[in-house]
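In what follows, a single structure is set out as structure tokens and then discussed.
Each reported figure results from applying straightforward, stated rules to the coordinates on display, with no laboratory input. These figures come from a predicted structure and were not determined experimentally. FYI the Cβ positions are ideal-geometry reconstructions off the backbone, even for glycines, and counts take in every protein chain you see.
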Amino acid sequence: MTALIETVLRAEAEQRLFARDGGWVTAGHVRAMAAHVAPRVQNIDGPMFLHTLSAARFLAGVLAGAAADKEIALPAHAQESYLAELGCTAGALINDTAFDNATEERALDIANTDPLLVLFTSGSTSAPKRVEKNLSRLEIEARALQSLWASEAGHVIATVSHQHIYGMLFRIMWPLMSGRTSDDIAATYWEDLEGRLAGATLISSPAHLTRLPPRVDLFTPPPALIFSSGQLLDAKAAQACIAAFGLPATEVLGSTETGGIAWRRQTTPDAAWTPFPAITVSAGEESALIVRSPYLQDDAPLDTGDVVELASDGSFRLRPRGDRVAKIDGKRVSLARIEETLVGLPEIEAAAALTLPERRGALAAVVVLTDAGKRQLEALGAFRLSRHLRTASAETLEPPERPKHWRFVDSVPTDSQGKRVLSTLRTLFNTGDPLDALDLNVRTQTDTEADIAFTLPPELIFFQGHFDDQAILPGVAQAHLAMLIAQKLWGIWPPDANLERLKFRRILIPGNAVILKLKRNAEGRVTFAYIFGDIRASEGEIGGAKR
């Protein structure tokens, strides 16, 4: 029997495993949930698909799958069309609601003491790729983590999902196997962690660590350890992390297939990577990184596709790679898969997916529209059409796979040999539009009202020159930004430049997550309000005639 299963089955009923809502989920609770869902799992024809927000319910699902001797598939998200693409049949999905009303612990006989887990990654092709791992393989890696950082590790707090191998290992397997506790639900915002980090192990990613809020008091007292994985943390972000927390992040290099390969603490730019215990790395043809690892499902060496520069002491540095797999917000995504999905939409004839390094690696798409798409572009405008296309692709693509920036062209630019040139595609996004820096999430919109959520990025042009010690968003810039967004949504501009009923209650600074509330009337006047947390930070009216 694997150590994780044995730990949960033999623990005292009151042993605390996961923290949630000021209380604890105990081993007894996990066993009760597993027993509750086990009959349903037993009746699934084929593999069970497990997807939860709760780490405790995820663990209970693994126990139930092992009891029913099921292959346990772990989809990255639960969109209906994505599940169908993975082969998830009706009734095969076990989610959070399946564990509701679990009341008492019952005996749970484990039929499979080393269940097979199936994870999915974009790989280098357009289709999701199955990656099989027995639970025991993951436990080897969890023991390696314990051997390296046992003396520093504390209660686990996370900003990442456990549905991916990194979160599963660091949030569930390592802490439980070493007798520590973990948060049940991942935090969404840094503000959720205020006052909770002291002595903890923080499991995060570049998607969060490159967006640290300016309020450094959020991180005091600091965590004892910070881990980051999913993509490389650039040197600037690594230094910002040290400044905010007082300690460097421990970056973990790896993939779903390989598990962890190596780690580093980037106290200096381009710090070398140190392989994990029992990991052997070598350089193959064209300096490709070859890995031999006990974390792999078999003993064969694996070519990671990375380009490596080996050092005599066994460490190594990565060098740029030229394939079409990108890391977006910590997720490995296939640009080919994104393009295939977009071309499958009735509005799109051709598409090129790319990343924009100058916009923190944001995902973008250059699109040629069909006749139907051109009619929609004329009717809706570019911004609203791009929102429609993001929504239409959501049935297949995860949030990190949906382009944030769009350009509509007559043809995708190519060179004389008919090949797409990345640098040329990227120049299409050098428009100088200040809204390009924003990731606008239009939560609601009617003909007269809209709620838009977004985070104010440091690179927003309106922060420049206001002020040296602490950048702020000036009041007039807030009004101008509100009007630019209103123009994007409704294609309107105010009848005059009068500003009325202006009230500013709180300054807005880089990193603030705000909600902009807009209203317009038949004459084109627009009222706006910026909401920060539960504070109405500012409000006003644009284009109101003097009375």
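What is the spin-label model distance, in nm, from Asn43 to Ala84 if the labels are put 7 Å beyond Cα along the C-beta direction? For the pair Asn43/Ala84, the computed spacing is 2.4 nm. In the chain, taking the dipole from charged Cβ atoms about the Cα centre, the farthest positive-side position among Pro128, Ala78, Tyr530 is held by Tyr530. If both residues of a DSSP beta bridge must be in segment 1-154, then about 60% of such bridges are antiparallel.
Using R0 = 56 Å, the C-beta based FRET efficiency linking Thr427 and Asp313 works out to 0.85. Computed over the alpha carbons of segment 325-431, Rg followed by Dmax gives 13.1, 36 Å. Between Asn521 and Ala150, full extension at 0.36 nm per residue minus the direct alpha carbon distance yields a gain of 127.4 nm.
Using the Cβ-Cβ distance between Ala235 and Asn441 with R0 set to 35 Å, the FRET efficiency from 1/(1 + (r/R0)^6) comes to roughly 0.75. Across segment 62-112, the mean sequence separation of Cα contacts (distance under 8 Å, 6 or more residues apart), normalised by length, yields a relative contact order of 69 percent. Please give me, ordered by residue number, the GluC sites (Glu not before Pro) of segment 295-342 that lie in loop per DSSP and have at most 12 other Cβ atoms within 10 Å. Answer by residue number: there is no such site. The aspartates and glutamates whose alpha-carbon is closer than 14 Å to the alpha-carbon of Lys517, local same-chain residues fewer than 8 away aside, are Asp447, Glu449, Asp451, Asp534, Glu539, Glu541.
For segment 76-119, the alpha-carbon coordinates run over 36, 28, 17 Å along the three principal axes, in decreasing order.
What ranking do Ile531, Ile461 get, fewest neighbouring Cβ atoms within 10 angstrom at the top?
On the way: Ile531 17, Ile461 13.
Neighbour counts put them in this order, fewest first: Ile461, Ile531.
Rank these for me by crowding, Glu104, Glu358, Glu398, going from fewest to most other beta carbons within 10 Å.
Values: Glu104 9, Glu358 12, Glu398 18.
Ordered by Cβ neighbours within 10 Å, fewest first: Glu104, Glu358, Glu398.
Neighbour counts of other Cβ atoms within 10 Å put Glu347, Glu191 in the fewest-to-most order Glu191, Glu347.
The relative contact order of the chain, computed from alpha carbon pairs under 8 Å that lie at least 6 residues apart in sequence, is 9 percent. Close amide H pairs (under 5 Å, H built 1.01 Å from N) link Phe276 with Ala262, Trp263, residues at least 5 positions away or on another chain.
The peptide list 513-526, 157-170, 222-235, put in order of mean Cβ contacts within 10 Å with the highest first, becomes 157-170, 222-235, 513-526. In order along segment 88-96, the Karplus-derived 3J(HN,Hα) couplings, from 6.51 cos²θ - 1.76 cosθ + 1.60 at θ = phi - 60°, round to 6, 7, 4, x, 8, 8, 9, 10, 4 Hz, and Gly and Pro are given as x. Pairs from the list Lys129/Lys331; Lys331/Lys374; Lys404/Lys488; Lys129/Lys327; Lys236/Lys327 with a Cα-Cα gap above 20 Å: Lys331/Lys374.
Please list the non-local residues whose amide H lies under 5 Å from the amide H of Asn134, H modeled 1.01 Å from N, same-chain partners needing a gap of 5 or more. Residues meeting the criterion, in which the H sits 1.01 Å from N, are Leu117.
With the gyration tensor restricted to C-alpha atoms of the chain, the semi-axes of the equivalent ellipsoid amount to 41, 28, 26 Å, longest first.
The H on the amide N of Lys129, modeled in the peptide plane, is under 5 Å from the matching H of Thr121, Ser122, Gly123, each at least 5 residues off or on a different chain. Go ahead and collect, in residue order, the members of segment 136-157 whose backbone nitrogen is under 17 Å from a label point 7 Å along the Cα-Cβ direction of Asp114. Those under the cut-off are 136-144.
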